[in-house]
Every structure is written in structure tokens, then in C-alpha cells.
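Chemist: What follows is a single structure, and I will ask about it in a moment.
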Amino acid sequence: MVIKWLCIMQCVSQLRRWCHRQRRFFTQNPFEALRSVRHARGSGSRLITGLPLLVFSLGATASATATTLPPLQLVDQAGQPVSDAVARIEQSQTSAAQEGPAVAVMDQVELSFSPKVIAISTGTRVQFPNSDDTRHHVYSFSPAKTFELRLFRGNEAPPVEFDQAGLVVIGCNIHDAMVGYIYVTNGQVYGVTDADGGLMLPTFTAPESAELLIWHPDMDDPLAVPLAGLDTSGDLLRIELPMTQRQPEPASGAAGGLRNRLQQYKTNDD
């Protein structure tokens, strides 16, 4: 009887020491915890050998399952499709990184940047070809990227690398009406809506707390929509943005007006 009692007390004592070690392990910072594991292994103890696996497996189980959203259609408050809007899923990953061109292109056509808005991942280079007959002087003072491409024609200007996330507003020092936007993101899941306000995002994984973030030049602030609040049961996910699109300025301008008047005189003479 005495021997059995001694065995029970020894087991209780070992259990107390084991619980104490567990408590110390989980209250330590990760580096101290790993050191304690190495020390325990070096001393021959087997009580906490499996704990690192437990800790890291707990973090792994928090990852979300793969999600595919229906095609997006973004409209303004008047129900009109919104083109050139950037949509992205924060804290998300794709099974394979979103493929994109080694060098993105923002052309200059008829005194406008084309396309007006592009979205790229950090580290992407952007080429600024000039398809106009006149020279352009492309620049940006944005904190995410400050650069200047002095007067050039055709493909004379070298590509520019965008290595910091953020919004980069592009202008021309010769033609003030020229404005373009480069949306640089660290994420993998993003895109720009087409002329019909449509966009299809790739399949992704993201935590339940992640949001769909939408930006457009005419919006005062980006729109954040929780993924958990989206109705993905239909064939199309229609989202109304809190904005009314600005009417585009007449493309003619002063030079265009003069050109039109000269054309009118020529027609009258004929």
C-alpha cells in the first residue's frame, strides 16, 4: 500500500512539473520558447519535444479556405458602370502569384495617359511610350514614387521601377490636363475594372476578417467591404460605390477649339 501511494505521489509531482513547463512555454516569447525546447532536448527531457509542432500547427489552422468571388460589377450611385476602379483583397494569397507583364505599359495617346489607371505589384517596372507627335515630360511627386522623365518621343524614356506600395499620380509638365494613376500593391489579388465596370478576381485564400478594398479617382476615400458581408450566391456581384462620376472635360480644349474653327472656315470656303 505504501509503495502504491509513493508511485501515485511521484506521478502527481511529474504532472505538476509538466504543467509548469507548459505554462512557461506559452507565456514566453517565441525565441525564448524555442531556446527552452533546445535546452530540454539537449538535457534528454522528452516532455515538451512535440510542443513546437503544436504551436505552429495552431497557427496553420487559422488559415482560410480557397474562395472564388463571382465576377464583380461596380456602379456609381446613378447606376452607371465605373471603369478604372481598382479592387483588391487585403491579407490574401493566390495558389500561384498573379502573373503580370514583366514591364507594365502606360502609353501617351492624344494627350492622355492610356490606360488612365493601372494596378501593379511592388517591384514592377512601367514603360511610358509616347505615341503622340509632340514631346511629353512625365513626372510624379507622390511619396510612393518620385521620378521625372524629361522631354522625350517614342520609346526614348527608360522604364521606371515601382518598389513601394501606394498610389502614384502621374502628370505631364507640358500638358497639365494629362493625369494618370498607378496603384502599387504588395498583394497578389487585385485588378482594374473595364469599360463596363467588370472585373474577375482570381481564386484566393484570406482570413474571415479580410476586406474587399475598392479605390477610384473620383472617390473621396477607398471603400472597404468585409468579405463576410458579400452575397456571393449569384452569378454577378454588383457593388454600388458611394460616388458620382465626374463628367470628362472636353477633349478639344483651346487648341482643339482653334482647330475646329479653322476646319469650319475651310469648309465654308469649299
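The values are calculated or read from the model by the stated rules, or taken from the named source; none is laboratory data. Note that this is a predicted model, so its numbers are computed, not measured. Note: ideal-geometry Cβ built from the backbone for every residue, glycine included; neighbour counts use all protein chains shown.
Chemist: Given the range 122-230, what strands (runs of 3 or more DSSP E) lie entirely inside it while holding 3 or more residues that are in contact (Cβ under 8 Å) with a residue 60 or more places away in the chain? Give the steps one after another, and end with the answer.
Modeler: On the way: elements: 124-127, 136-142, 145-152, 160-162, 166-172, 179-185, 190-192, 211-215, 223-226.
Answer list for the range 122-230: 179-185, 190-192, 211-215.
Chemist: Can I ask one more? Within the range 101-122, can you find the residues that are exposed (fewer than 15 other Cβ atoms within 10 Å of the Cβ) and modelled with pLDDT of 95 or more?
Modeler: Selection gives Val105, Val109, Glu110, Ser114.
Chemist: For the range 206-216, check the following and say yes or no: at least one residue is at negative phi, surrounded by fewer than 15 Cβ atoms within 10 Å (Cβ to Cβ), out of contact with any Cys (no Cβ under 7 Å at 6 or more places or on another chain) and not polar (S, T, N, Q).
Modeler: The answer is yes, given that some residue of the range 206-216 is at negative phi, surrounded by fewer than 15 Cβ atoms within 10 Å (Cβ to Cβ), out of contact with any Cys (no Cβ under 7 Å at 6 or more places or on another chain) and not polar (S, T, N, Q).
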